Amino acid sequence: MLAEFDLIRRYLMSPQEAQAANGVALGNGDDATLLMPRAGQQLVVSVDTSVVDVHFPHDAPGFAIGHRALAVALSDLAAMGAASRWCLMALTLDQRAFVDKKVAEQWVSDYARGFHTLCQQHATTLVGGDVTSGALTISVTVMGEVPTGIAMTRSGAQVGDVIAVTGTLGGGAGGLALWQKGERDITHPLLQRYLLPEPRLAAGVALRSIATAAMDISDGLLADLAHLRAASHVGATLEPEALPLAEGLEQLLGQSDARKAALSGGDDYELLVTLAPEDVACAQARLADLGITLTVIGRCNEALGVTGVSSADYAGWQHFSGDTP
Ligand SMILES: [Mg+2]
C-alpha cells in the first residue's frame, strides 16, 4: 500500500516554487507551515468536510471529487469577498477499497489533478496535508485575504434592498437527480453544476464594495436566505418566476419541480447578495465583465419570514443528500 509521505509528496503538495511565490515563508518538511499575509489585509479562514455518499457519490470520478472538495470550501471565501491564497487538505482514504497499488495511485493522481487544477485557477497554494486511513473523507481549510474592514457578511441587509443571486439555481439538485438516474456523461450541464461547481471568487471580490450582505448558497436558497434574514433582521419577498434556473433543469424535472429545486435544492454554490436598488446596474455590469449573471429575485422588507412563495412552490422537494444518506 501507499506510504503516507510518498502520497503527500508526489501528488498532494504544491511545488516548492509555487509556494515560495505565494507568501509561504516555510513550506512542507517542517511540522507546520509559516505564511506571510499581506499588510492591510484580514485573513479569512474557513473549513469544509466532504464525506463519501453524503456529499458526493462514491462512484464519481476522482478528479471531480478533488475539484468539488476544494470548490465548496472556496465558495465560503467567495461569500466573504475574499481572494483565495492558501489551503490545507486532510484526506482520509479507504485503501482497502483499492484492489492494487496501481489502481490506488491512479485514483489519487486523478483526485490530485482535480484539486490542483482548481488551485491554479484561483491562485491558491496547497501548503500542508495529512493523509489517514478510513472512509473517504476530505477536509479542506481555505485561507484568503480581504482588505481590512470590507469583508461581506450576512448581517448588513436593509429593508428596501433588493435580493439577487449570481449564475443559476437548481443545478446542484438537478445534477444529483440525474446522477442517481444513471447519467454518467459529466459534460452534461447539470452534472457539471453538481460535480464541478465553480466557486464565485471573482464575483465576490467585484461585489464586496457594493453588496450590503452576502453568503453562498450551499443548503438551498430558502434555507440560506433564512440565515441571512436572521442575521440582518429583515424579511423577504421573493419572485419565484424570476429565479434563474440551471440549464437543462426544466427539461429534466418539469417547471414545478425545477422551481422547487431552485428554491430548496442544495449544492448550487452561487452567491446570494443584497444591494441598494440604485447599485444593481453597477453590480450587474461588473459581473457581466466576468461573464457572470446577477439576477434580482426579490426584495427585503420588514415582515417576518418570506412572502411571495407558497408552500406549493417548494414543499415536497426530495433531498437526496445531506442528513439522509
Ligand atoms: Mg457558506
| message | Need a quick list: helices (runs of 4 or more DSSP H) entirely within the stretch 207-307 having at least 1 residues that are modelled with pLDDT under 95, polar (S, T, N, Q) and in contact with a helix residue (DSSP H, G or I) (Cβ under 7 Å, 6 or more places away or on another chain). | response | 249-264
| task | Go through (1) surrounded by fewer than 17 Cβ atoms within 10 Å (Cβ to Cβ); (2) more than 16 Å from the ligand (Cβ to nearest atom) and name the single condition residue 45 misses. | result | (2)
| request: Quick one: which residue in 140, 127 is within 16 Å of the ligand (Cβ to nearest atom) and within 30 Å of residue 208 (Cβ to Cβ)? | output: 140
| request: Please work out which residue is nearest to the ligand (Cβ to nearest atom), limiting yourself to the stretch 231-242 and to residues that are surrounded by fewer than 22 Cβ atoms within 10 Å (Cβ to Cβ) and among the hydrophobic types (A, V, I, L, M, F, W, C). | output: 231
| note | Just one listed residue, out of 178, 196, is away from the ligand (no atom under 16 Å from the Cβ) and within 13 Å of the chain's Cα centre (by Cα), and it is 196
| Selection count, the stretch 216-230, where residues are surrounded by fewer than 22 Cβ atoms within 10 Å (Cβ to Cβ) and within 12 Å of the ligand (Cβ to nearest atom) | 5
| query | Would the stretch 72-85 turn up any residue that is more than 16 Å from the ligand (Cβ to nearest atom), of a type in the set (D, E, K, R) and without any contact (Cβ under 8 Å) to a residue 12 or more places away in the chain? | reply | no
| message | Being in contact with a Lys or Arg (Cβ under 8 Å, 6 or more places away or on another chain) and either under 29 Å from residue 194 (Cα atoms) or open to solvent by less than 70 Å² (accessible area, probe 1.4 Å) (or both): is that true of residue 14 here? | response | no
| query | If you check residue 245 against the conditions, is it over 14 Å from residue 153 (Cβ atoms) and either more than 13 Å from the ligand (Cβ to nearest atom) or among the hydroxyl-bearing types (Ser, Thr, Tyr) (or both)? | reply | yes
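The values are calculated or read from the model by the stated rules, or taken from the named source; none is laboratory data. Note that the structure is predicted; figures quoted are calculated from it, not measured. Glycine gets a Cβ as well: all are built from the backbone with ideal geometry, and neighbour counts include every protein chain shown. These area figures cover heavy atoms from the full protein model, side chains too; ligands, DNA and RNA do not enter into them. Shrake-Rupley method; radii C 1.70, N 1.55, O 1.52, S 1.80 Å.
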